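Report on the structure given below.
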Amino acid sequence: MFRKIAVSVFLFSAIAVSAGAQESGIGPRDTRSDLYELYAQGRSVKELQPEYRAGLFAELLAKLSPQERAVSFRNMVYLQAKADRLRERRQYSEASTRYYEAALYIPRALLLLKSAEARLEDDLTRQYLYPIDIRFLLDDSYQLAVEFSRYEKPEEGSLSGACLDAVKRKIACLQSLCRELRDTPLNMEDVRQCHALAPDIFRYERVCK
């Protein structure tokens with residue numbers, strides 16, 4: 001039952017994206033690769049926006065009863081631990097997915113940020129990265145974490161002010177690379193330097209200090 005709560009929210013997001021895509025006359029799109037294609041084509045769909053998706057996560061958290069929250073918390077902890085193990089084995093893409101799934105049970109900005117960071121680590125194993133790759137990662141993942149942090153109560157915040165400021169500096173650094181180089185591969189060392197601007201958020205389970 002509790003698994004269905006998280007899955008229903010994920011499906012609601014996918015259905016919403018599909019509906020928006022259909023209204024644009026391009027057919028249903030409900031997978032991450034398809035969302036990337038939408039983004040690459042410059043399609044503006046409300047359901048793709050981090051502000052909208054952060055609101056869906058906030059609605060999920062607000063609707064959990066105490067009993068549901070207790071079970072969802074255990075599932076979140078389990079998936080985060082699984083993601084940690086995958087990342088230790090350098091299975092970054094799979095780790096990113098598990099962090100995101102953990103956030104579907106108990107939404108936290110820190111979990112969404114871990115999903116973003118693991119995806120960037122996966123990208124950094126590639127030989128080439130293009131500005132479109134980074135722009136999609138920023139909008140789809142990093143900005144989602146920042147937007148959701150606005151919904152967290154002060155006593156439950158998972159990103160401290162200092163951590164959030166560092167993340168924003170990292171986002172600005174990556175954005176600057178996208179502005180400077182439009183259609184040519186990025187300098188991977190520049191991307192790594194931006195990556196190093198934020199703290200090692202994987203050392204934290206509850207709050208990034």
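Candidates in the stretch 185-205 are the residues that are among the charged types (D, E, K, R) and under 17 Å from the mean Cα position of the chain (by Cα); of these, the one that is least open to solvent (accessible area, probe 1.4 Å) is Asp200. I'm trying to understand the selection: among the residues of the stretch 71-119, which are farther than 23 Å from Arg150 by Cα and aliphatic (A, V, I, L, M)? Matches in the stretch 71-119: Val71, Leu79, Ala81, Ala83, Leu86, Ala95.
Here Glu94 clears all of (1) touching a Phe, Trp or Tyr at 6+ places or on another chain (Cβ under 6 Å); (2) modelled with pLDDT of 90 or more except the condition numbered (1).
Report yes if some residue within the stretch 172-184 is modelled with pLDDT of 95 or more and surrounded by fewer than 18 Cβ atoms within 10 Å (Cβ to Cβ); otherwise report no. Among the residues of the stretch 172-184, at least one is modelled with pLDDT of 95 or more and surrounded by fewer than 18 Cβ atoms within 10 Å (Cβ to Cβ), which makes the answer yes. The set of residues in the stretch 159-198 being without any contact (Cβ under 8 Å) to a residue 12 or more places away in the chain and among the acidic types (Asp, Glu) consists of Asp165, Glu180, Glu189. Is it the case that some residue within the stretch 160-169 is touching a helix residue (DSSP H, G or I) at 6+ places or on another chain (Cβ under 7 Å) and in a loop (DSSP other than H, G, I, E, B)? No, there is no match, as no residue in the stretch 160-169 is touching a helix residue (DSSP H, G or I) at 6+ places or on another chain (Cβ under 7 Å) and in a loop (DSSP other than H, G, I, E, B).
The values are calculated or read from the model by the stated rules, or taken from the named source; none is laboratory data. Values in this document were obtained by computation on a predicted structure and should not be read as measured data. Methodologically, a virtual Cβ is constructed for each residue, glycine included, from the backbone with ideal geometry; neighbour enumeration extends over all protein chains shown. Note: accessible area is taken over every heavy atom of the protein model, side chains too, but ligands, DNA and RNA are not part of it. Shrake-Rupley method; radii C 1.70, N 1.55, O 1.52, S 1.80 Å.
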